[in-house]
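Q: Could you have a look at this structure, given as structure tokens, before my questions?
What follows draws every value from the coordinates through simple rules; no lab data is involved. What you see is a predicted model; the values in this text were computed from it and never measured. Cβ sites come from the backbone with ideal geometry, for glycine too, and all protein chains shown count toward neighbours.
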Amino acid sequence: MTDTSRGGSAKYGGYPGIVVGATVMATVSTIFPGFLVGALSVQISGEMGVSEAVYGWGLGSFFLAATVGSILLGRLAQRIGPGNQMTAALAVTALVQVALAATARSFLTVIGFLVVAGLANAANQTAVNLALARAELPRLGLAVSAKQSGMPAASLLAGFAVPGLALTVGWRWAYVTGAALAVAAVPVVRAAVESAPTGPRARAAAQPVSSFRSLVMAAVAGGFLSFSAGTLNAWTVGSGVDAGLDPGSAGLFLGIGAGAGIVLRMAGGYWSDTMRLRPFRMAGLTGLIGAASIAALALRATGPHVAFTLLAFGGGWIWPAFTNFGIVRTNPDAAGAATGVTQMGIYVGVFLAPLVTGVLIEQSGYPLMWLTTAASAAIGSVIAIRIANEF
């Protein structure tokens, strides 16, 4: 067996970066369609004539589909192998985005395509977690954080797509670009990620170590926290325009905020392998910082909005690096099945976020919406701290 004490990996010839890079590419590719529809809210809603409340269904449909499929797709990954499931998810993601760009002429059609993309994302996320657990990586916390950084990376790309594509050649080309990302990820995944299904004996033993109650509580905490994360992605651009920024600048700051989230997630992952605090406790503490920053977004002025957007993304998006590390570390042989349960809570939060906040924006404006979002982040943070000893 390869010696992993010096930073190698038993399954990847001393190059753990290969599998980590593949999982990051796959994560970015499959979550991108869901984040992109939030960044393009001004352009798509303007072309198709829908209100914020109606548009919220488009934002939420992606994550509702992921919620429905998460548990079953997590179990499927254990049976058919992570590489096979990731490949299928990427292929579906690419096809859906091309079809959306070429044929969507009504908002109902957009929602239909996003439902299929959401199922593909749920399939990919659970398979990615299983791939990382199987790879015998020497720095699992750092690897999980790198994978989790794929989500703000997708949001960063979605934000940059506003000035780079939506305001120049049209919003549909942003989805064509997303399809190209998914296609490019396929050969990397095939080369790097184990495709073999779990054998019958190992499959029988591949049950989560954590109790179902613990996993459900983790899902509840993730639901409240992801409500705030989903709101940030959905309405940062619209809120920035309302606060006085032009659409291009608002999209740019969405990308910069997501970049701050990437840096802090990687820093958290670097620290998580050796820190004494339990991962869920760290998730709760950083979530509270994010909650305070989100509350400050209620101020309607360009300067504060820009500053607190960066702080909100930094504190409000770092927690998944810690929660997923705790879950995967505690359930190494059943990471797909365990995260199938916990991811369901996250998808529920991100699904509800645009629906609830879209209505709040229409009825009361952005200040009350941001304060409600901050309260959700605070509740999720407290729950994460309370269950920290179980992970």
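Q: Quick check on region 16-390: take the gyration tensor over C-alpha atoms, sort the square-rooted eigenvalues as a ≥ b ≥ c, and tell me if it's rounded (a/c under 1.5), prolate or oblate.
A: Note, shape of region 16-390 comes out oblate.
Q: Next question. Over the chain, what is the relative contact order in percent, taking alpha-carbon pairs closer than 8 angstrom and at least six residues apart?
A: The normalised contact order for the chain reaches 27 percent.
Q: Then there is this: Summing +1 for each Lys or Arg and -1 for each Asp or Glu, what net charge is found among the other residues whose Cβ lies under 15 Å from the Cβ of M86?
A: +3
Q: Roughly how big is region 236-330's charge dipole about its Cα centre, with Cβ charges of +1 (Lys, Arg) and -1 (Asp, Glu), in debye to the nearest 20?
A: 440
Q: In the chain, which whole DSSP H runs stretch at least 24 Å along their own axis (Cα) and average 1.0 or higher on the Kyte-Doolittle scale?
A: Answer set is 16-39, 82-103, 107-134, 172-192, 279-296, 335-364, 366-386.
Q: Lys and Arg at +1, Asp and Glu at -1: add these up for the other residues within a Cβ distance under 14 Å of A146 and post the number.
A: Neighbourhood net charge equals +2.
Q: Within the set of other residues whose C-beta is less than 14 Å from the C-beta of M275, count the net charge using Lys and Arg as +1 and Asp and Glu as -1.
A: Result for the neighbourhood of M275: +4.
Q: Helix-derived [θ] at 222 nm for the chain: sum -39500 (n - 2.57) over DSSP H runs of at least 4, divide by residue count, nearest 500?
A: Theoretical 222 nm ellipticity from helices: -27500 deg cm²/dmol.
Q: Give me the dipole magnitude in Debye, nearest 20, for the chain about the Cα centre, with unit charges on the beta carbon: positive for Lys and Arg, negative for Asp and Glu.
A: 980
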